[in-house]
Amino acid sequence: MKKTLIALIVVNVCAVSSVYAAADTNTWYGGAKLGWSHYFDASGKGDFNDNVSQATDFDFDKDNVSGGVFGGYQVTSWLAVEGGYDYLGNMSIHGNHGVSGTTMESQGLQMSLKASYGLTDSWDLYGRAGAMAYRAETKNAGHSNMETGIRPLAAVGTEYAFNKNWAGRLEYQWVSNVGNSNQIGVSSDISSVSAGVVYRFGQHDETPVAVPVAVAAEAAPEVTTFNMKSDVLFAYDSATLTAEGNAAITQLYNSPEMQAAKNSSTMVIGYSDRLGSDQYNQQLSSKRAQVVADALIAQGLSAQNVSSEGRGSNDSVTGTQCDNGMPSAQLKDCLAPDRRVVIEITGQK
């Protein structure tokens with residue numbers, strides 16, 4: 001997933017990095033799927049119609065194409081409500097006296113809760129549980145019987161986000177005991193394996209902002225502060241600038257505020273989140289601060305006016321709002337505002 005080339009430069013960073021594997025909270029999504037259904041654990045009765053009234057056991061052709069459409073609402077970062085229409089295909093039924101041509105066809109409307117667990121920023125696993133209002137119909141020799149009902153369903157799957165709007169999913173779904181043998185002559189559990197595509201509506205863009213904020217102090221030199229997100233400048237757990245990071249530093253250096261401060265004293269301060277040991281976080285934050293300082297010098301700042309230091313996980317932005325009991329990927333995203341590089345320019349005119 002490509003992140004924006006522009007660093008969010010503000011005094012207080014309060015936004016958590018987006019996890020695209022699930023849709024943004026309080027947004028809608030929709031999609032379609034196509035796959036293969038399998039009828040199993042089927043039971044039948046020998047009275048489909050007069051022609052097969054003596055049949056007591058059957059041979060089933062169980063597999064068929066299935067598909068459907070679905071939509072959902074993302075309630076939280078890990079929980080959604082999802083509904084949709086499923087065509088579950090049909091199975092052919094052959095009686096023990098050679099009777100052929102009987103089919104059972106099933107379809108339904110479903111509603112479920114979908115819980116997700118993020119493996120990476122782009123990939124998650126999920127499970128769904130709910131119910132399906134089904135319509136099952138058997139046909140033979142011009143006669144048909146139809147029955148409706150509500151049955152439980154469950155599904156497990158995986159979803160991968162190609163970008164902030166589009167994602168793909170693979171899913172296994174099971175619906176229990178569709179049909180009623182006393183009414184239409186047969187009932188069966190139905191499983192399906194499908195591949196689908198998902199479109200997320202109203203996903204939030206990370207808006208580029210480049211607003212220097214002056215912090216005035218009485219009887220003290222004027223200080224201008226720029227706050228740059230480490231997740232834009234570096235890959236996670238790395239002190240090597242990414243292409244996006246180089247682009248963000250170039251944009252910052254070419255800004256009018258930075259150009260006006262080229263001859264002022266510049267301090268580059270690195271911060272980390274609280275994950276990992278204090279010693280490691282201190283080393284990583286120091287390395288990142290030095291890398292950014294070197295990049296600004298390479299752009300044109302005077303080396304004698306630029307210094308750097310690391311402060312590890314000190315001065316946390318998130319404080320206690322991120323619970324250590326969160327899944328690791330969610331906790332990492334929650335602590336993203338703590339991973340930052342602050343540039344302080346003293347004495348800017």
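The values are calculated or read from the model by the stated rules, or taken from the named source; none is laboratory data. Everything numeric in this text was worked out from a predicted model, so none of it was measured. With ideal geometry, Cβ positions are generated from the backbone for all residues, glycine too; neighbour counts draw on all protein chains shown. These area figures cover heavy atoms from the full protein model, side chains too; ligands, DNA and RNA do not enter into them. Shrake-Rupley method; radii C 1.70, N 1.55, O 1.52, S 1.80 Å.
A residue that is among the hydrophobic types (A, V, I, L, M, F, W, C), at pLDDT 75 or above and in a strand (DSSP E or B) occurs somewhere in region 18-32. Tell me, yes or no, whether region 276-299 has at least one residue that is farther than 15 Å from Lys229 by Cβ and assigned to a strand (DSSP E or B). No.
Checking each residue in region 305-349 for being buried (at least 16 other Cβ atoms within 10 Å of the Cβ) and hydroxyl-bearing (Ser, Thr, Tyr) picks out Ser308, Ser313, Ser316, Thr318.
For region 276-289, the set of residues classified as under 30 Å from the mean Cα position of the chain (by Cα), buried (at least 18 other Cβ atoms within 10 Å of the Cβ) and either hydroxyl-bearing (Ser, Thr, Tyr) or modelled with pLDDT of 90 or more (or both) consists of Ser285 only. Within the set Asn165, Asn140, Asn180, Asn145, the sole residue that is within 15 Å of the chain's Cα centre (by Cα) and of a type outside the set (Ser, Thr, Tyr) turns out to be Asn165.
Residues in region 296-304: is at least one crowded, with 18+ Cβ neighbours inside 10 Å and more than 26 Å from Cys334 (Cβ to Cβ)? Before you say what the answer is, go through the steps one by one.
Quick first cut of region 296-304, residues crowded, with 18+ Cβ neighbours inside 10 Å only: 296, 301.
Filter once more, keeping what is more than 26 Å from Cys334 (Cβ to Cβ): 296, 301.
There is at least one residue in region 296-304 that is crowded, with 18+ Cβ neighbours inside 10 Å and more than 26 Å from Cys334 (Cβ to Cβ).
Right, Asp273: outside any helix (DSSP H, G or I), touching a helix residue (DSSP H, G or I) at 6+ places or on another chain (Cβ under 8 Å), among the acidic types (Asp, Glu) and crowded, with 16+ Cβ neighbours inside 10 Å or not?
On the way: outside any helix (DSSP H, G or I): yes; touching a helix residue (DSSP H, G or I) at 6+ places or on another chain (Cβ under 8 Å): yes; among the acidic types (Asp, Glu): yes; crowded, with 16+ Cβ neighbours inside 10 Å: yes.
When the stated conditions are applied, Asp273 passes them.
Say whether the condition of being at pLDDT below 65, open to solvent by 40 Å² or more (accessible area, probe 1.4 Å), of a type outside the set (Asp, Glu) and not in a loop (DSSP other than H, G, I, E, B) is met by at least one residue in region 34-56.
Step one: filter region 34-56 for residues at pLDDT below 65, giving 46-56.
So of that shortlist, the ones also open to solvent by 40 Å² or more (accessible area, probe 1.4 Å) come out as 47, 50-51, 53-54, 56.
Those left that are additionally of a type outside the set (Asp, Glu): 51, 53-54, 56.
Add one more test, that the residue is not in a loop (DSSP other than H, G, I, E, B), and what stays is 51.
The answer is yes; a qualifying residue exists.
Of Phe226, Phe234, all but one fail to be of a type in the set (Phe, Trp, Tyr), more than 21 Å from Ile345 (Cα to Cα) and surrounded by 15 or more Cβ atoms within 10 Å (Cβ to Cβ); the exception is Phe234. Restricting Ser144, Ser112 to those that are among the hydroxyl-bearing types (Ser, Thr, Tyr), assigned to a strand (DSSP E or B) and open to solvent by 50 Å² or more (accessible area, probe 1.4 Å) reduces the list to Ser144.
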